[in-house]
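Shown next, in structure tokens, is the structure this report addresses.
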Amino acid sequence: MSATRLLLLGPPGAGKGTQAERIVAEAGIPQISTGDMLRAASAAGTEVGKQAQGYMSRGELVPDEVVIGVARERLAQDDAKRGFILDGFPRTAAQAEALDRLLADAGVALERCIAISVDEEELVQRLLKRAEIEGRADDNEETIRNRMRVYREQTEPLIAHYRKSGVLVEVDGRGDIDTVAARIAEARD
Ligand code: ADP
């Protein structure tokens, strides 16, 4: 059986969202993207959206307590009982610990953390291209560099956390979408 409680970890532009959508289509488990949820909250003008907006536009992390609340509510929904693909959460040690506790309380465990690696210059090029196509407010070069730095300092150390818990699989994120999807499918087996 392929793993269904997954975390995709990787720098901005590594393809987490794209690959998560593939898995949603194939395995019918929901994608839980805190970035997408925060953007939706911000567009809808909710309290959470207002709290998150400024951080997001600067490429900084939204405070842990805000993001943990968003993730907790989403994971508690019915469709997440069959499994989930976390994309963009956790991003800090405190978030990872909160997730460990949340899952333990629910009596389940993360089955795989799939860490996708791509070198930084390729990432910046991919994100600048996405900026032209999608026009996302945080896809300009200065903010992109900042998101990379935040990733290296705060999120990359989580790789060691998941290696320690025995669920880590590292996947090469270079190449086209199908090639990377095949590597991820293998990592879920
Ligand atoms: P990226 O493509 O840069 O990985 P996301 O769509 O996942 O972007 O997130 C965009 C922004 O949303 C982040 O730069 C950050 O401000 C905020 N964000 C998303 N998830 C989190 C999180 N888990 N913790 C803190 N901030 C977050």
*Roughly how many Å is it from the Cα centre of the range 32-61 to that of the range 114-142, as a whole number?*
18 Å
*Taking H placed 1.01 Å from N in the peptide plane, check which residues at least 5 places from Leu86 or on another chain put their amide H under 5 Å from its amide H.*
Leu6, Leu7, Leu8, Ile32
_Size of the chain as Cα extents on the principal axes (Å, biggest first)_ = 41, 39, 30
_Pick from Gly28, Gly175, Gly49 the residue whose mean-square fluctuation is largest in a GNM of the chain, springs joining Cα atoms under 10 Å._
Gly175
_Solvent exposure of the chain as accessible area per residue, Å², 1.4 Å probe_ = 51 Å²
*Using a probe of 1.4 angstrom, how much of the accessible area of the range 77-189 is carbon and sulfur, in percent?*
47 percent
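For the range 1-49, state the average projected area of the convex hull of the C-alpha atoms over all orientations, rounded to one decimal in nm². Present the calculation step by step, with values, prior to reporting the outcome.
Values: hull surface 16.9 nm².
Result: a mean projected hull area of 4.2 nm².
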*Give a quick list of trypsin sites (Lys or Arg not before Pro) in the range 90-189 that DSSP marks as loop, anything other than H, G, I, E or B, with at most 16 other Cβ atoms within 10 Å.*
Arg136, Arg174
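Only Lys, Arg, Asp and Glu count, each charged at its Cβ (+1, +1, -1, -1), so figure out the dipole size of the range 86-144 about its Cα centre, rounded to 20 debye. Walk me through the numbers on the way to the answer.
On the way: 7 positive and 15 negative charges, 56 e Å.
Roughly 260 debye, rounded to the nearest 20.
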*Paired Rg and Dmax values of the range 81-189, which use every Cα atom, in angstrom*: 15.4, 43
*Post the alpha-carbon centroid distance, the range 90-107 to the range 70-85, in whole angstrom.*
13 Å
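Let me check against my output: what whole-number percent is the relative contact order of the range 1-153, with C-alpha pairs under 8 Å and at least 6 apart? The partial results should precede the final answer.
Numbers: 195 pairs, mean separation 59.1, N = 153.
Reported relative contact order: 39 percent.
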_Partner lysines for Lys16 [C-alpha distance under 18 Å; skip if fewer than 8 residues away on the same chain]_ = Lys129
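The values are calculated or read from the model by the stated rules, or taken from the named source; none is laboratory data. Here the structure is a predicted model, which is why all the values come from computation and not from measurement. Quick reminder, even Gly has a Cβ in these numbers, built from the backbone with ideal geometry, and neighbours come from all protein chains shown. Remember, those area values only see protein heavy atoms, side chains included, never the ligands or the DNA or RNA. Shrake-Rupley method; radii C 1.70, N 1.55, O 1.52, S 1.80 Å.
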